[in-house]
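To start, the structure under review is shown below, and the notes come after it.
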Amino acid sequence: MSNAPVSCCDRRVADDPLLDSPDDPSDRLSDALVDLLLGGRCVGCARPGRVLCRPCDAGLPDRPHPAWPTPAPSGLVTPWALAPYDGVVRAMVVAHKEHRLLALRAPLGVLLARAAAATGAGEPVVLVPVPSRPASVRQRGYDPTHALTAHAALLLRATGWDVAVRRLLHSRPGVVDQAGLGAEARAANLAGSMCCPTSVLRRFATRHRRASLVVCDDVLTTGATAREAQRALEAVGLAVAGIATVAATRRRLPTARGGGPDRLSDPALSSQPPTD
Ligand SMILES: [Zn+2]
């Protein structure tokens, strides 16, 4: 099949194969029954029932956009995202990551699959999740980024893509939680924090010599994480075709006079690459 941005990214229709969620239990139970049995609420609107009600699901974005952070890390390949990191999408990401609402993996996986397809990476494609901190994985008992990436690959394969997921990147010790850190602090925290172990690279080279790599994450903030993942892959001779994320944060830019923030930059809705 073509490796151009595929039709599944260009529209959201009832027979869109990316919308078939193979393991979504909400399709098997009515909202009322889910609420009765589990006391569930939609993370988007608090409607009783499934964790993402049909109206909120139907309102999810379906068009990926280049999502350049401002400022963008030097050398960053084009990042793609489906939405600004707010509203329903933000609620979904937080609930999936922090509260292990695993039913959200399916709709979030759809968004990530659309972003990955939009990178234009030539097949075969290997999706590379950014590594979570081992302490976070132990604490959560779950690796949300890998889970989303694996689900995105599952959906893309169902539409005919030659795509695999490989954990090429490992985290080095010493990285602290990024939450609350500014752009410079994030970059410093992450510098040299990822690596591709020789044994992993050897297995990859044997099985995926011609593959295009797409780095996957749930949220793009300053771009520091994506850039570090790209650096670590390039350091072992692997080229990165693109960055795919579910959402990108809106960032306030300082005024030209050096004052406080005065306008919103919406990287998920802007396609302007960095000029530096
Ligand atoms: Zn809802």
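Data table
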{"read-out": "Positions within region 139-171 being under 18 Å from Leu238 (Cβ atoms), among the polar types (S, T, N, Q) and modelled with pLDDT of 95 or more, in sequence order", "value": "Thr149"}
{"read-out": "Selection count where residues are at pLDDT below 85 and within 17 Å of the chain's Cα centre (by Cα), scope region 126-135", "value": "1"}
{"read-out": "Any hit, region 92-101, residues being in contact with a helix residue (DSSP H, G or I) (Cβ under 8 Å, 6 or more places away or on another chain) and at pLDDT 95 or above", "value": "yes"}
{"read-out": "Wholly enclosed helices (runs of 4 or more DSSP H) of region 155-254 bearing at least 3 residues without any contact (Cβ under 8 Å) to a residue 24 or more places away in the chain", "value": "183-190, 198-207"}
{"read-out": "Region 22-72, residues that are at pLDDT 90 or above, closer than 30 Å to Gly120 by Cβ and within 16 Å of the ligand (Cβ to nearest atom)", "value": "Leu52, Cys56, Asp57, Ala58, Gly59, Leu60, Pro61"}
{"read-out": "Selected residue (only one of Glu123, Glu98 is surrounded by fewer than 19 Cβ atoms within 10 Å (Cβ to Cβ) and more than 18 Å from Arg41 (Cβ to Cβ))", "value": "Glu123"}
{"read-out": "Close pairs (9 angstrom Cβ cut-off, 6 or more residues apart or separate chains): farther than 16 Å from Val215 by Cα in region 88-116, polar (S, T, N, Q) and modelled with pLDDT of 95 or more anywhere", "value": "Lys97/Thr145"}
{"read-out": "Residues within region 77-104 that are under 27 Å from Ala121 (Cβ atoms), outside any loop (DSSP other than H, G, I, E, B), in contact with a His (Cβ under 9 Å, 6 or more places away or on another chain) and more than 16 Å from the ligand (Cβ to nearest atom), tallied", "value": "2"}
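The values are calculated or read from the model by the stated rules, or taken from the named source; none is laboratory data. Not measured: the values here are computed from a predicted model. When we count neighbours, we look across all protein chains shown, and the Cβ atoms used for this are built from the backbone with ideal geometry, even at glycine.
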